[in-house]
Amino acid sequence: MTFRVEVAADIAACVATVPIQEETWSGDVIVPPQLLLAIAHNAGFVALGYAEGDDRPAGFVAGFLGIHDHHFRHHSHMLAVRPEYRHTGLAVRLKEAQRDHCLDQGIETIGWTMDPLEARNARFNFAKLGTLTRTYHRDFYGAMPDKLNEGLPSDRIYIEWPIATDRADARLRGRDEVPTLEGAEREGVPYLLRADADRPMPGDPAAGESHLLLGIPCDFQDLKRRDRSLALEWRLAVRRALEPAFARGYAAVEFLRDASGERGAYLLFRQPPPGQRDAQPGGAGAEPLREEGGSSIRMGAQLP
Ligand SMILES: CC(C)(COP(=O)(O)OP(=O)(O)OC[C@H]1O[C@@H](n2cnc3c(N)ncnc32)[C@H](O)[C@@H]1OP(=O)(O)O)[C@@H](O)C(=O)NCCC(=O)NCCS
């Protein structure tokens, strides 16, 4: 499928995002096109993707300029691709265009929030873009009425995408080999939380482990439809696992899948204390995860 990405500069382009917003989340939570236009005209970025032969946009991305820890940072507020254009590469094209815009502005990090229980988004963010997270927000947006979020506390992880890195380049070009869940399990990386059938099962890893795994259900939206109270159990279990892990200095740097695609887990890596990070071989915060047979997979996460 061939796509073109068009940067939005007028109200018609911003209006064209509305049907995608409605289809993805629902009509109750639309970001008004006038606000998107104001963002686009004030250092932010709004872009739409079009498939050849289809006049309706296939997806869009929107974000604005912010300041984080005294540095300019782009905050990506929305990314959506219509269901019929998912798994086509368009989502990556939209993020690439956003990255180019930010690099031109001299910005080196794009941030956004993500539901930690959405395996598809985790795979997209961590494996295809090369993001990381070390921040957890409880019920960040409060009660949300839209179809993806309705009925559960809106806990979020804050995603950091260090865009001026070889890792981001390699992931976008599909050049980086992403470790597998089986590889990490063979290595004996312990689980902080795993799925036992459908249920969350906390692990008891030794203090000071360099790497940990945190499993999540493979389709959280389906689980919510089937069993709302189990979905809430998962929400609280992930919260109880991630909050203290982040407080102890871990960051999630990958989302690993098994060969069947039915099991997925975050790989957490304990960050060296500030001041020692650059001393790590291979770049800031990088540490090899060894697979059986001696080959090493460089985690390569940039932890600024
Ligand atoms: C998020 C979104 C833009 C990503 O676009 P996409 O076209 O689905 O993304 P891609 O297919 O390129 O990447 C998703 C990856 O997750 C994988 N995936 C899909 N379902 C999965 C699941 N249940 N578990 C694990 N991985 C899954 C895909 O196979 C793909 O990985 P692969 O190419 O390595 O196999 C799109 O899914 C979307 O619009 N979702 C609804 C809105 C939303 O959640 N926005 C983002 C908020 S952060």
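Laboratory data are not the source of any read-out in this text; all were calculated from the coordinates shown. It should be emphasised that the depicted structure is a prediction, and the values quoted were computed from it without experimental measurement. Glycine gets a Cβ as well: all are built from the backbone with ideal geometry, and neighbour counts include every protein chain shown.
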Over the stretch 40-125, what is the relative contact order in percent, taking alpha-carbon pairs closer than 8 angstrom and at least six residues apart? 24 percent
Taking one equal scatterer on every alpha-carbon of the stretch 15-101, how large is log10 of I(q)/I(0) by Debye at q = 0.25 1/Å? -1.32
Over the chain: helical MRE at 222 nm, DSSP H runs n ≥ 4 each giving -39500 (n - 2.57), nearest 500: -7500 deg cm²/dmol
Show me, for the stretch 43-51, the HN-Hα J-couplings you get by feeding each phi into the Karplus relation (A = 6.51, B = -1.76, C = 1.60, θ = phi - 60°), rounded to Hz, glycine and proline as x. 6, x, 8, 10, 9, 10, x, 10, 8
Quick calc, the stretch 1-131, dipole around Cα centre from Cβ unit charges on Lys, Arg (+) and Asp, Glu (-), nearest 20 debye, gives 340 debye
How large is the Rg to Rh ratio of the chain when both quantities use alpha carbon positions and Rh follows Kirkwood? 0.96
Relative contact order for the chain: what is it in percent, counting Cα pairs under 8 Å that are at least 6 residues apart? 13 percent
Ratio of alpha-carbon Rg to the 2.2 N^0.38 Å globular estimate for the stretch 1-148, to two decimals, please. 1.01
